[in-house]
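Here the structure comes first, spelled out in structure tokens, and everything after it is commentary.
The values are calculated or read from the model by the stated rules, or taken from the named source; none is laboratory data. Everything numeric in this text was worked out from a predicted model, so none of it was measured. Note: ideal-geometry Cβ built from the backbone for every residue, glycine included; neighbour counts use all protein chains shown.
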Amino acid sequence: MNKLVFFTLLLITINVYSAKTSKTQTLIHQFELLPGNLSVTLMKNGTDLVVSKNSDKPMAVASAFKLYILKALEAEVKAGTLSYDQKVCIENEKKSVSWGYLKQCPEGTQFSVRQLCDLMIGKSDNTATDHLLHLVGRENIEKYAPARMRPLLSTVEMFKIKYGIPKDLQAKYLSGNQEVKRQVLAEIAPISRKKIRFPNKPTLIDKVEWHCTTAELARLMYDLRNASAVYVNHGKVASKAWNKIGFKSGYEAGVVNNTFLLQKDQNGDIYTLSVTMNSEKKNVDLIRFNQLMKKFVSQFDQIVRENPVQKKVVKPLAAAQSKPITRQGTAVAKAPAQESALAKVPAASSRDNATFTIYQNSIPKKIQLRPSYNQ
């Protein structure tokens, strides 16, 4: 009888242990059932790996690269060479395509740098992104991004190379070294963005994209934990369960990334989660991917409990010395000017419940931004 009780208890213990340890594996397996390659990193406090699946594999991450622009901008603000409150004028030649509201704003419309950041990260606005890239400077941003991302493309440059330039120029870019690639970027600058046509299928995602690892993105998101822009969008996760939720996503045909910052309690550990999928043959099932991401976050406590920290210290991003920013080609409003009636934006000192009103075809469209956390 005692042996029967012993073996029964042993069997129950084994089953319970198996159930605990299989939760993460089951979820990873569900991701792997989607078409394409997978990379997953869950990191604690910017250094310790908790969950790792192809964490060091560089993959296309689409708009998640915009976190590097924010990183460089934060450094420039800290150095005093830029201010979040300064105004930037929208220029037609720096407008982008695809996602975004600002591409429909008239030239000369003014936004503060802070508002452009909120739109770049919170709404993934490509026109806001390209204006900030020109403001901060490509080379300044490249100091923080992996070398493999050089030259760091603006969104409209990436779209042009893939979908909007002659084949000979595309071939020249693809086969060239960094110097040649930068020459091509100068050559394609005058080409109209109206020539861009999206085929809605994976296109050169292994050659023309922003490639980084989920470990790099997880560390980067942790480094940006004091940047209010990362908290504008919470990735459709129930916010009441968390003290802080930071989020940035990236998507194009064949590419999807979600990168979260998660903190349960005010003084608790900060976790960063980054998941990337790339499929060169067919589009990633975005609906299913998002379902699995929600499942990952909803099971977060259980996943953390069943995965002891792997004690692998991730090398911090190299600190870079800020250099003076070249203003050439970037329209920065130096003196007070009459605000355009087409862009009603709140003052930087009162950003809670901030609402942008953008007029599209004379119809006002309000953009509600999530209140920022106090830092």
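Overview of values
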| read-out | value |
| --- | --- |
| Strands (runs of 3 or more DSSP E) wholly inside segment 17-117 that include at least 1 residues being under 19 Å from D223 (Cβ atoms) | 37-44, 48-53 |
| Criterion (more than 18 Å from the chain's Cα centre (by Cα) and either among the β-branched types (V, I, T) or within 27 Å of G46 (Cα to Cα) (or both)) met by exactly one of I205, I141, I191 | I191 |
| Boolean, G254 is on the phi > 0 side of the Ramachandran plot and among the small types (G, A, S) | yes |
| Meets criteria (over 24 Å from N92 (Cα atoms), at pLDDT below 95 and either assigned to a loop (DSSP other than H, G, I, E, B) or of a type in the set (S, T, N, Q) (or both)) for K207 | no |
| M120, sole failed condition from (1) surrounded by fewer than 20 Cβ atoms within 10 Å (Cβ to Cβ); (2) closer than 30 Å to G36 by Cα | (1) |
| Per-region count, segment 226-261, residues without any contact (Cβ under 8 Å) to a residue 60 or more places away in the chain, of a type in the set (D, E, K, R) and farther than 24 Å from P35 by Cα | 1 |
| Selected residue (criterion: surrounded by the fewest Cβ atoms within 10 Å (Cβ to Cβ)) from residues of segment 31-82 that are polar (S, T, N, Q) and over 27 Å from T155 (Cα atoms) | N45 |
